[in-house]
Amino acid sequence: MQIGVYGAGYLGTVISACLADFGTPITCCHPDSSRMVEMAQGKVPFHEKNLAEVIKRNVRSGRLAYSTDVEAFARKSAVIFLAEDTPQHLSDLVLRISKAVPKAPILSIVTPVAVGTGAALEKKLQDAGLKAVIVSQPMFFTAGCAVEDFNWPDRIILGTASSDAVAAIKQIFHPLVMRGVPVIVTNHATAELVRESATAFVATKISFIIELAGLCEKVNADAVHLSLALGLDKKIGPRCLQAGAGMGGLFAQSDMDSLSRLAEQNHVQLKILLAAREVNHSLAEGMADKISACLKSLQNKDVGILGLAFKPNTNSVAGSASIQLAQGLVARGARVRAYDPVAIPDAKLELNGTVHYCETPYAVAEGAEVLVVGTGWPEFRALDFGKIKTLLRRPLIVDTKNILDSSRLRAMGFEYVGVGRV
């Protein structure tokens, strides 16, 4: 069975590489010839842990090929995963592929779409006199862990009424099915709603611990210990229960926006989702307030920020609380300098020259009146804090991710401020 993946963005790149790693020949297609050439050379246009190595390995073995000829790609693929990052051209693409093939293809929609898209695509095909089997198949990747998430998913969701399509996709994902990964077969609307609902639920969970962290600061409790204790409850779980880690990522905001619109259109009030979004949106502003209180004023103060990506192991700054914090500090008159291992090029597009970028964490600290940990990169734990103390104008660290050893830093003479820490 020939398998194709259409898309050269984040989703298409990850899915095509990881499917090829199953030992299956895969063709990844997109009209952008320069992008296809770069991908074949293992040049990934974003930072994602282990992905470049997976691509190079499978290109060398001949299992992963790249094409710009959409019609030829469609004709030889019995199953095609449509995996662009945005759905703008999805409808036209489905019609184009369906016209190009003699036999109805199985088209798995991985692209994030609004509820109702699968049914609408089926109607559009019917109106055009074309045939294809549409499968709604949301996939869930965490930036920085996408390869791991692909190989160890919590579940496989298939929205379709076609038993043949279910059998075909189960065959493609045979290594996961044999490992016992649950396969949930449902209708289009349910599969589409899973993605947005999962994002909203995680945002709610994160928002809850963020608000509890604020309470911790008032009652002399420790949010890190609280998160650990709550997370060990099997009804709750530890993932996404760390105070200070706001909800960000490439698809998070669009998922929540889409779910909010869907509820509004159907006259349903999602009050918890509204509250969770408000908490997430206010996180950076609250952190700026905290830093301002430490310095009495931010006007003409030098502030260093370590980390701009929305989370470690990715260059994505989509929804980054650290980026929002930098913008808020600049708006209050601070002079901000920043360092990130991989995200500076993307951050420059968001911050428009308002921040000075440094090549090392130590350059960020030099002369700053406060050093802010904005992203939880593991390497920040291993910094020479003795050296940092000599570089800072004032030995003040604000750890927005609670990743540093507060007891050690205080013993070294630092003023340490975390999120909900005692």
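The values are calculated or read from the model by the stated rules, or taken from the named source; none is laboratory data. Bear in mind the structure is a predicted one, so any value in this text is a computation, not a measurement. Neighbour counts run over all protein chains shown; Cβ positions are idealised from the backbone, glycine included. What goes into the accessible areas is simple: the full protein's heavy atoms, side chains included, and nothing from ligands, DNA or RNA. Shrake-Rupley method; radii C 1.70, N 1.55, O 1.52, S 1.80 Å.
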Original post:
Short version: ³J(HN,Hα) in whole Hz for each residue of the stretch 382-398, in order, from phi by Karplus 6.51 cos²θ - 1.76 cosθ + 1.60 (θ = phi - 60°), x for Gly and Pro, what are they?
Top reply: 9, 5, 7, 6, x, 5, 4, 5, 6, 7, 5, 6, 9, x, 10, 10, 10
Original post:
In nm, what is the difference between 0.36 nm times the number of residues separating Ala363 and Asn220 and their Cα-Cα distance?
Top reply: 48.1 nm
Original post:
Which whole-number percent gives the relative contact order of the chain, counting Cα pairs below 8 Å spaced six or more residues apart?
Top reply: 12 percent
Original post:
Binned at 10 Å from 0, what are the whole-percent values of the Cα-Cα distance distribution for the chain, short to long?
Top reply: 4, 20, 27, 23, 16, 7, 2, 0
**OP:** Starting at the first residue of the stretch 306-316, write each ³J(HN,Hα) from the Karplus equation 6.51 cos²θ - 1.76 cosθ + 1.60 with θ = phi - 60°, in whole Hz, x for Gly and Pro.
**Re:** 9, x, 10, 4, 6, 7, x, 6, 8, 9, 6
Subject >> Average Cα contact separation per residue, the stretch 1-104, under 8 Å, 6 or more apart, as relative contact order % >> reply: 37 percent
**OP:** Provide the convex hull volume over Cα atoms per residue for the stretch 1-105, in Å³.
**Re:** 85 Å³
Subject >> Amide proton proximity set for Leu392, modelled H, under 5 Å, gap of 5+ >> reply: Gly367
Original post:
Quick one: putting +1 on the C-beta of Lys and Arg, -1 on the C-beta of Asp and Glu, what dipole do you get for the chain around its Cα centre, in Debye to the nearest 20?
Top reply: 460 debye
**OP:** Place +1 on the Cβ of every Lys and Arg and -1 on the Cβ of every Asp and Glu in the chain, take the dipole about the Cα centre, and give the residue among Ser282, Ser260, Val54 whose Cα lies farthest towards its positive end.
**Re:** Val54
**OP:** For the stretch 138-164 and the stretch 357-422, write down the distance between their C-alpha centroids in whole Å.
**Re:** 37 Å
**OP:** Could you work out the relative contact order of the stretch 137-273, using alpha carbon pairs under 8 angstrom and six or more residues apart, expressed as a whole percent?
**Re:** 22 percent
**OP:** For Tyr357, enumerate residues with amide H under 5 Å from its amide H, sequence gap 5+ or separate chain, H modeled in the peptide plane.
**Re:** Ala338
**OP:** Could you list, in their original order, any pairs among Lys205/Lys389; Lys296/Lys387; Lys49/Lys103; Lys56/Lys131; Lys205/Lys296; Lys290/Lys387 whose Cα atoms are separated by more than 30 Å?
**Re:** Lys205/Lys389; Lys49/Lys103; Lys56/Lys131; Lys205/Lys296
Subject >> Rounded FRET efficiency, nearest 0.05, which uses the C-beta distance separating Lys76 from Lys123 and R0 of 22 Å >> reply: 0.20
Subject >> Karplus-derived HN-Hα couplings along the stretch 412-422 (A = 6.51, B = -1.76, C = 1.60, θ = phi - 60°), whole Hz, x at Gly and Pro >> reply: 7, x, 7, 8, 10, 10, x, 10, x, 9, 9
**OP:** With a 1.4 Å probe and all protein chains in place, put Leu228, Leu391 in order of accessible area, largest first.
**Re:** Leu228, Leu391
